[in-house]
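The values are calculated or read from the model by the stated rules, or taken from the named source; none is laboratory data. Quantities reported herein were computed from a predicted structural model and do not represent experimental measurements. For neighbour counting, all protein chains shown are included, and Cβ atoms are generated from backbone atoms with ideal geometry for every residue, glycine included. Surface accessibility is based on the protein's heavy atoms, side chains included, excluding ligands, DNA and RNA. Shrake-Rupley method; radii C 1.70, N 1.55, O 1.52, S 1.80 Å.
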Amino acid sequence: TVMHRALAPVADLRAGLLLHDVGKGNKESDTLDASAEIVLWPVRLARFENRFLSWLVAPRPVFGGALNSAGDTNRIYAGVNWEFAVGRNWFVTPFFGAVLHDGNLEQATEQCPPGGGCTLPGNRRYVNTGEPTLGSAVLFREAIEAGYVFPGGISLSVIAIHMSNAALMSDNDGMDFIGLRLGLKFDNRPD
């Protein structure tokens, strides 16, 4: 069918809700994100007899995004994942990639009164606004997802996500997310 051919490179579609920056106690913590993701079929980089090596060199390209319900840090991302079947219907999926976000990059500062003894250049000091500071607009994104596939290809999964700049910048609060996702797996793998 036309739909079958149009979705040929797509292995999975996933969408769900995420708890935003869980338990951090900042102004963005514990709001909700709506997320969506497209997962393509594996790209085989090499051939190995060993089952683990064969799986490792066949990552699946992933593209997705999340919108925050409070208008805080939104993001789009790309990377790769590897799906590992556990038993007949269970799966575990690690992810590694990069994320572009619109969150706060640097901790806020304010001017000190003359002779205030502030240590930042220009006689300034840091101000705690309650916002996480992420250091750069592009960050690393790692995730682990585990779920169950029902008949008909519908999946239900839990996911944990971390994004940060890996301490490459002085501002690196990072963010953590947990959530539930529904997915649809396709049986149209191209040969």
At 0.890 mPa s and 25 °C, Stokes D of the stretch 1-129 from Kirkwood alpha-carbon radius, µm² per second: 132
If you place +1 on the Cβ of every Lys and Arg and -1 on the Cβ of every Asp and Glu, how big does the dipole about the Cα centre of the stretch 1-105 come out, in debye to the nearest 20? 540
Can you compute the radius of gyration and Dmax for the stretch 73-144, using only the Cα atoms, both in Å? 20.3, 70
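Mind checking the per residue accessible area of the stretch 91-191 for me, 1.4 Å probe, whole number of Å²?
On the way: 5530 Å² over 101 residues.
Ligands and nucleic acids excluded, the result is 55 Å² per residue.
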The stretch 23-104: chymotrypsin sites (Phe, Trp or Tyr not before Pro) falling in loop per DSSP and having at most 15 other Cβ within 10 Å: PHE48
For the stretch 68-191, what are the per-bin percents of Cα-Cα distances with bins 5 Å wide, up to the bin holding the maximum? 2, 9, 14, 16, 14, 12, 10, 7, 5, 3, 3, 2, 2, 1, 0
Separation in nanometres of the label points that stand 7 Å from Cα toward Cβ, at VAL10 and LEU156: 2.3
Loop sites only, by DSSP: take the GluC sites (Glu not before Pro) in the chain that have at most 15 other C-beta atoms within 10 Å and name the longest stretch containing none of them. 107-191
In deg cm²/dmol and to the nearest 500, what is the mean residue ellipticity at 222 nm of the chain if only DSSP H runs of at least 4 residues count, each as -39500 (n - 2.57), divided by the residue total? -1000 deg cm²/dmol
